[in-house]
Structures are given as C-alpha cells and as structure tokens.
Amino acid sequence: MRRSLSVFLLVLALAAFTAINAPANTLLWRVGRQDNSNAEFTGKANPSRFAVPADWRTRTAWPEFQGGSNDNDKSGWTCDIVYRLPSVPGDGALFTLKTIQASASVPELAVFSNGAPCGILQMVGSGPPGVGGHTFGRPYQIYIPKEFLRRGANTLRLQKLGHPYNRASSLSLWWQWDYFQLESLSRPATEPLHSKMTWMGVQNGGFDLRDTQVRNDPLALTWLGVAYSGNSTRTGFWSDITQLQPERRAYLDALRRINMGAIADGLSPSRALPHGSQDLMPDGGLPQSAKDYLNGFFRDYGGLFQYYELSNEPCMSISGDSMAVDLAVAKYVDSIKPATVKLAAPGWAYGGGAGDPKNWDADPANRRRIEQFCQAINGHAYADSYERDHGSLIENLKVYGDITDGWPKDTINTECGTYDGHTDAKDLGITQMHASMFDRDMRAHIGFCDRFVAFALMGNDPPFNFLTGDYARPDTWAGRPFPDAPADDNRVKIFRRYALAYATHGRPLPYVYRNPAQAANRIVLFRPVDTSALPPMIGSGATSRKILLNFVNFDNAASHTLAVRVQMPRKGTYTGERIGPQNAYRDARSPVRLTAGRTLDLTETLGPGEAVQYILEPPRNSNTRKENHPQ
C-alpha cells in the first residue's frame, strides 16, 4: 500500500510540474466569444463555406452563423471553414467546440481536415432549456495530426450528421455553442482526443468469481476492445457473497495484466446492517464489525482498484439500504481509504420502492448529503433514461446544478446499456430500433460520462447480455442477437465500434491515408495508439506495451476501405492478433506477424458499422516499457 501511495504521489507531482511548465497552445482562430452565451451569433443558418476573417480576435458579432444547430436542420448541414497556416504545426492541432446546451438525442458533428477524417464529436445535453430545470455544457475536442495540415490554405469541414441508423434524419438533433476554435499544439500529443477522455468497460453479469471468470473475462474484454488502455470494469465483491468468490485477488491481478482497473463493491450495507439505523452506534457511526470488514477489504485489495462504489441501487428491492447506514459507510470509507482510491457515490437508481426512508435516494437533497464525501459522481442509466427524471444525467444535474464546463469531479456509471425490449423513438425513421437505442445509450455516455461500465457480458440477466454460448468455452461465444430483432446490429458490434474509436488510449502514432480520395469526407476513422506511453495505473501500477491499431466505420449503410501507412515506434517484427468484425469469437480472432521498416502499411475493408483492431506486441529488442505480467 505504501509503495502504491508513493507511486501515486510521484505521478501527481510530475503531472503538476508538467502542467505548470508546459507552454500554452497557440490559438489559430476562434469563432465566437468565450462567455457561455451564443448571443453574438445572429444568423438564420450556418454557412456552407466560411473564410476565417482577419479580425476574428476583435469581433463581437458573428452574423454568418446561427447559435449552434437548431432543430429545423432536419437534414443536417456541412460547413467548410477556410483558413491559412504560415507553416504546419509540428505537433498537430486541436479543434474545440464548447456547448452551452444540447439535445439529449446525442447530436454528432464530424470533423475533417483537408478531407481527412479526424473524428466525430458526441455531444449531449439535458434537452430544451427549462426542461429538467438545468443545462449541461462542456468543451468537446478532436486531435488533428500534423499530417492532415498543410502550409497555406486549409479547409476544416464540420458536418452535422443525422441519426446513426437513419442519416437522412436530423430530427431532435440540436445544440447551442459558445464558440469553436482551432489551436496548434505546443508539444506532442499524449492522447488523440476524440470528443473527450472516455473510459469504457463491460462487467460480468454473475456473482461467481472462480477460475472460469479469472481466465475468460480478460478474453471477453479484449474482444470488446477495452483491454490495455486503462479502462475499467466493475467488480461486485459484496460482503454477503464472499463464498462465491474465492478468486478475488486473482481476478484483480488478471485485470492488472491487461492494464485495466476496477470499480470495486465491498460492504453490502443492508446485509451487513440488516436492521438499518438500529445497528449503528449511538453517534451514528458504524459498528466495529462493519469497520473491521472494510479495514480488511482495503488491506487485501485496496492497492488493486481505483474506485470504491458505496452501494448499488439503494432503494431497489435488491438492496433496500438505510440512508443513515449509507451515510455512515461513506464517512468511514472516506476516512480510511488510501489516496489511490476514489470513493464513488452509490449506483443510484433514484427510487424503486424500498429503502429507509422509502425511496430516499430519489431526493437530490438526500443524495447531496452522501455525495459530499465522494470523489466520484455515479448513477445508473439504461436506454434513454439518462435524459429523464430518475436517470443519471438529469438527476446529477439536480445535485450539482447547471454544468457549463464539465462536471466538477470524476463522473462514472456502473450500469448502462439496454434491456432486450428497449427501442429508440418511432418518429426518427430508424430501421434498427433495438440497435439504435443501445447505440444512443453508449454515445450519450461518451458525451457526459468519464468512465462507464455496461451491463453485462453474460450472467443472471439474459435480456441484458452481450454474449451467447457457454461462458466456460470461449470458442462457443458469439454476439447475442436481440430476440425480437435478430437482424439488428447486436451489442458486441456496437460496443466495439465505440470502444475502438473513443476508449483506446496512448500516444498517437503518425499516419497517412494511402487512399486519400476514397477516405476523404467519409465517416470513418483510423486510431493508432502506443499504450506504453500511458502512465502506470493509479494504485495497481499496471502498464502496457501494446500497439493498438483501430479501424472504424461509422457508416451503417455502406462499406469503406481504409488503406493506411502508420509510423511504428521501431523497426522490427510485431506479433499479436487481429480482431475482426465477425460475430463469433473464434472467427473474429486471428494471429498476425507484421514486419515494419519505419512504417507499416495496412488495408481494411469495413462493412457497415464494422470495426477491426490489431493488438500488437513490439519487437523484443524494443525499449518500449514491459508490461507487469507479459502475456
């Protein structure tokens, strides 16, 4: 524990020193003012072409633009922003769009630099002003490699997209912007920012934790695209099911080996204190038995997880927590946890008919009393519940008020996804209603949540499951279809698409498209990252040395071919695996052995909505940092 704390403090000190001493980025141009208002935009529509004016720094009005993108833009729009560069920024550029408010339907804005696809902003808000009483706004950003910039005239294309499963419709997709801008980076990028920093995971749906889960969960998480990048899963180490989980330590070590973290559950408040507040001490504190359990839990596992989740759905019948008990647990955990662990609020369900007092977690004032001891916001949201009362986005706004620049602390969600019966809105002309709902739930969380864990791989609740087959035999695994819509894209396909595009992390590797005309202005993405550049994971010290090469097609209606030339960290032979878009696990995986000079050429033809990932081990003579436990 002491070693973990020392590493944690050293990382913090280095980060603070770097932040203080790093030179500022250079602002190349900005449209709008940084004042959390769009009053300066007085136009009736957005232009199809706009040349950045020489007086952009001093302008107080922008009549060429409307204040974002309103709901009348039902077929989307494209704006080519023309500007000049005296020289190519050596470290690339960063595009930022700051929202004031947005539709909860998750509008998307694709960004292209001189035709090259750079990414898609996933923006989300709490809906029309006045609905729900609060607004949600934040900056969204996209990294632009220097290879996509040129000396002299440049064009940055902004394209408002329609719904992923009906691009012809932009109904209910709107946002208000404060400003948008382009900066040249002052130093090499440590992350290819894509909307914002996002970490994703999927949890096992059962309570057993034995050799099968230790062996197979990492395989499933790797298939789904979240291994090696510092993502997290949730570990339900509840105190009342210890007998079902003899391999807790081994499981955390298995996550560490694939550079994944954990959001841990521990003491089950309603089971450990079955009489609720009557079991508390006269001063409102925990009895010694509960303290002893928590002390032992953090002693045994506290160096291997990064978040401790206070409780699960306190007022649902599965828990039925006493508010007084949850408050006592929060106070005690906050006082004993190591600095490497953040206390997360309960996985709120905002009511449910149980609890003491009944439905106490539906009241923001009650949640606020507990959240004051927490370093991470939490709350569950399935399907489109995030945009409604009793869903995480709206309910967290009730606690924290209007959000103008992102949340004040880490925001996680330990349960999201869809039930088999969830479908998207009927008035959007969508062809895959079940797929679209799951797709939107994932994109919404990319838009407002830092770290989220979908439910579930396979387990006790089949209508939520990602996989079908015998969990003990990975060769039987396949993406589980929606029973009422077997032709829809399934959860595995959709989740991989967004995990590869938004939740693979590390130093971006330079690359160019070898078929630029075919890739130009297409909603596709190549995302190559070197995970060895990631700092050791807080607490566990987990690292990785994998190279992840990710190909993504966001177009659900057409196939696209991506031919790339990527600059590898070092010459030599890279070994690993290619995980393709096939629905069966055994069909998707294939070993690869690739020899790179200084560059590596790859070509992938992706069907509608497909994604492909190469997971590569650098040459053995590489100086790239070794993993804690090489595979």
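Quick note: the coordinates plus some simple rules give every number you see, no bench work behind them. Bear in mind the structure is a predicted one, so any value in this text is a computation, not a measurement. Here the Cβ positions follow ideal geometry from the backbone for every residue, glycine too, while neighbour counts run over all protein chains shown.
What the table shows:
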quantity: Extension gain, Lys331 back to Asp240 (0.36 nm per residue minus Cα-Cα distance, nm); calculated: 30.6 nm
quantity: Fewest-first sequence of Arg271, Arg30 by Cβ atoms within 10 Å of each Cβ; calculated: Arg271, Arg30
quantity: Surrounding net charge for Glu183, when Lys and Arg each add one and Asp and Glu each subtract one, Cβ distance under 14 Å; calculated: +4
quantity: Whole-angstrom Cα spans of the range 197-502 along principal axes, big to small; calculated: 59, 43, 34
quantity: Violating pairs (Cα-Cα greater than 26 angstrom) within the set Lys337/Lys409; Lys44/Lys426; Lys98/Lys331; Lys196/Lys493; calculated: Lys44/Lys426; Lys98/Lys331
quantity: Folded to 0 to 90 degrees: helix 211-223 orientation relative to the chain principal axis, Cα; calculated: 20
quantity: Gyration tensor (alpha-carbon) shape descriptor, the range 25-194, a/c threshold 1.5; calculated: prolate
quantity: Taking Met197, Met437, Met323 and counting other C-beta atoms within 10 Å, the order from fewest to most; calculated: Met197, Met323, Met437
quantity: Label corresponding to semi-axes √(5λ) of the Cα gyration tensor in Å when calculated from the structure given, among [x] 38, 29, 24; [y] 53, 33, 25; [z] 44, 24, 23; calculated: [x]
quantity: Degrees, to the nearest 10: 491-502 long Cα axis against longest axis of the chain; calculated: 60
quantity: Estimated inter-spin distance, Gln372 and Asn621, nm [label 7 Å along Cα→Cβ]; calculated: 6.3
quantity: Near-label residues of the range 126-167 by backbone N, under 14 Å of a point 7 Å along Cα→Cβ of Ala51; calculated: 153-155
quantity: Using alpha-carbon coordinates, inclination of helix 433-448 to the longest axis of the chain, degrees; calculated: 90
